[in-house]
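Shown next, in structure tokens, is the structure this report addresses.
The values are calculated or read from the model by the stated rules, or taken from the named source; none is laboratory data. Since the model is a prediction, treat every value here as computed from it, not as a measurement. Just so you know, the surface numbers come from the protein's heavy atoms only, side chains and all, with ligands and any DNA or RNA stripped out. Shrake-Rupley method; radii C 1.70, N 1.55, O 1.52, S 1.80 Å.
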Amino acid sequence: MMAMNFHSAYLNIRGLASKLEEVRLILSDHKFSILCLAETFLNENDDSCLYEVPGYMMIRRDRLYNNGGGLLCYVHDSLVIEHPENLDLYMDESITVKVRPRSQKSFLVTYLYRPPQSKASWNTYFSEFVERCYGLNDEIIIFGDFNIDLLNPTSKNRWLDNVTSPLLLNQLISEPTRITNSSRTLIDHIYSSQCD
């Protein structure tokens with residue numbers, strides 16, 4: 001994703017400890033402004049120092065219940081950001097940063113993970129969260145593993161009609177994001193408040 005010379009990626013890593021060297025290579029090769037990793041499987045016993053990458057600061061949010069989950073964002077040192085931590089209170093597994101490009105308008109970027117077993121109330125929390133984001137900035141970008149298959153017409157219509165359309169969010173991904181020998185799904189979404 002590129003906006004105003006901003007390059008970001010979101011990757012479901014399913015365990016960072018065994019893939020750290022690969023992540024370091026990705027950051028070295030691609031120089032992302034922000035790389036967010038979902039399902040890091042880290043917890044409070046994992047020392048952040050072990051996961052540092054030169055040239056990047058970390059914003060980490062471990063899952064506080066059950067095993068698994070967790071997010072970690074690597075933010076390039078050249079990027080000027082704020083981390084409005086009060087927004088993290090609305091979504092269990094999310095990290096939001098306000099990016100402040102030089103001489104350009106700021107924007108919010110949120111990375112989130114929605115577990116597959118989420119209840120319908122998750123949609124309400126998400127809607128309230130997005131409304132709070134609009135209160136801070138009118139340009140919003142949301143990356144995430146939503147575990148809602150937009151290739152399934154029923155799921156797509158229910159989600160887009162009832163949740164994202166009233167929030168004026170545009171879904172930018174139209175191709176499958178998970179492909180196996182037996183299935184093709186579009187469960188990883190990118191939303192923007194700007195059509196372009």
*Compute the length gained on full extension between residue 161 and residue 64: take 0.36 nm times their separation in residues and subtract their Cα-Cα distance, giving the result in nm to one decimal.*
31.8 nm
_Apply the Karplus curve 6.51 cos²θ - 1.76 cosθ + 1.60, θ = phi - 60°, to the phi angles in region 188-195 and return the couplings in whole Hz, x for Gly and Pro._
9, 10, 10, 10, 9, 7, 10, 5
*Would you mind checking which residues have amide H under 5 Å from residue 71's amide H? H placed 1.01 Å from N; only 5 or more apart, or other chain.*
40, 61, 62, 63
*Over the chain, give the accessible area per residue in Å² for a 1.4 Å probe, as an integer.*
53
*Using 0.36 nm per residue, how much length does the chain from residue 28 to residue 50 gain when fully extended, once their Cα-Cα distance is taken away?*
6.2 nm
_Going through the cross-link list 31/98; 31/156; 98/156; 19/156, which pairs have a Cα-Cα distance over 31 Å in this structure?_
31/156; 19/156
*For the chain, what is the calculated [θ] at 222 nm in deg cm²/dmol (nearest 500), taking -39500 (n - 2.57) for each run of four or more DSSP H residues and dividing by its residue count?*
-5500 deg cm²/dmol
*GNM, the chain, Cα, under 10 Å: largest mean-square fluctuation among 95, 173, 34?*
173
_Heavy-atom accessible surface of region 6-58: percent carbon and sulfur, 1.4 Å_ = 53
